[in-house]
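Q: Here it is: the structure, laid out below.
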Amino acid sequence: MVRVRVREMNEADIEAVSAIRVRGWQAAYAGIVPRSYLDAMTVEEDADRRRQWFSRPGRESRDLVAVGDRGPVGWVCFGPARDGIPAAGRVGEVYALYVAPDLIGTGIGRRLLDEAHAALKGQGFETSALWVLRDNRRARLFYERAGYQDDGGTQDDVYDDVTLSELRYRRAL
């Protein structure tokens, strides 16, 4: 396992988190999301959107980063469940989880997910939900090992005129 510490994300982390997210998409979704969509993603555009989103007043989500010797190497964003997740009890949601592609499989993702679960539980949530692309078998296995199960919910997203299905996963906290 790579040694990291997990802390709240701050504004100085935005460029690094955007690089993790963009490179993460390009690595994890190669062969799933159209290459044209992945090639068009840029760290700069993602960072611009992230700055606007990060500074929104009243934002309910939280962001944590895993920081190693080279700075941020992983990121998780979570908060209250969004639309599309029926609630029986208080449901939180993991919105995004990415690790630098060269560090996938080193335990950083699991550490971030565990920290998000602890924070959600501390906020009174009873269940955690997330969405994962149906064809992203590696991510599905990761979440299943962390106790998530497909609950039957689906939604479609369109990337450069290609429709991809996502599955909704849940686990008790």
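Q: Under 7 Å between Cβ atoms, at least 6 apart or on separate chains: pull out the pairs that start in region 11-26 with a residue that is without any contact (Cβ under 8 Å) to a residue 60 or more places away in the chain and end on any residue that is of a type in the set (S, T, N, Q).
A: These pairs meet every condition: V22/T42.
Q: Which members of region 118-157 meet the condition of being polar (S, T, N, Q) and touching a residue at least 60 places away in the same chain (Cβ under 8 Å)?
A: Once the filter is applied, which keeps residues that are polar (S, T, N, Q) and touching a residue at least 60 places away in the same chain (Cβ under 8 Å), region 118-157 yields N136, Q155.
Q: Based on this model, can you work out whether A19 counts as out of contact with any helix residue (DSSP H, G or I) (no Cβ under 9 Å at 6 or more places or on another chain) and either assigned to a helix (DSSP H, G or I) or surrounded by 19 or more Cβ atoms within 10 Å (Cβ to Cβ) (or both)?
A: no
Q: Take the residues in region 136-163 that are within 18 Å of the chain's Cα centre (by Cα), surrounded by fewer than 15 Cβ atoms within 10 Å (Cβ to Cβ) and of a type in the set (D, E, K, R); name whichever of them is nearest to Y37 (Cα to Cα).
A: In this case the residue turns out to be D157.
Q: Also: Which pairs have Cβ atoms under 8 Å, sit 6 or more apart or on different chains, and link a residue in region 43-64 that is in contact (Cβ under 8 Å) with a residue 12 or more places away in the chain to one that is surrounded by fewer than 13 Cβ atoms within 10 Å (Cβ to Cβ) and acidic (D, E)?
A: R51/E11; F54/E11; S55/E11; R62/E8; D63/E8; L64/E8
Each row is one residue, and each column tells you yes or no for (1) in contact with a strand residue (DSSP E or B) (Cβ under 8 Å, 6 or more places away or on another chain); (2) more than 21 Å from R3 (Cβ to Cβ).
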| residue | (1), (2) |
| --- | --- |
| A30 | no, yes |
| P34 | yes, yes |
| W53 | no, yes |
| G58 | no, yes |
| S61 | yes, yes |
| V65 | yes, no |
| D83 | no, yes |
| G89 | yes, yes |
| E115 | yes, no |
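Q: To continue, here is another question. Of the residues L130, L141, L97, L112, only one is outside any strand (DSSP E or B), of a type outside the set (D, E, K, R) and under 23 Å from V65 (Cβ atoms); which?
A: So the residue among L130, L141, L97, L112 that is outside any strand (DSSP E or B), of a type outside the set (D, E, K, R) and under 23 Å from V65 (Cβ atoms) is L112.
Coordinate-derived values only; no laboratory data. Keep in mind that what you see is a predicted model, and the values were worked out from it rather than measured. Virtual Cβ from ideal backbone geometry, glycine too; neighbours counted across all protein chains shown.
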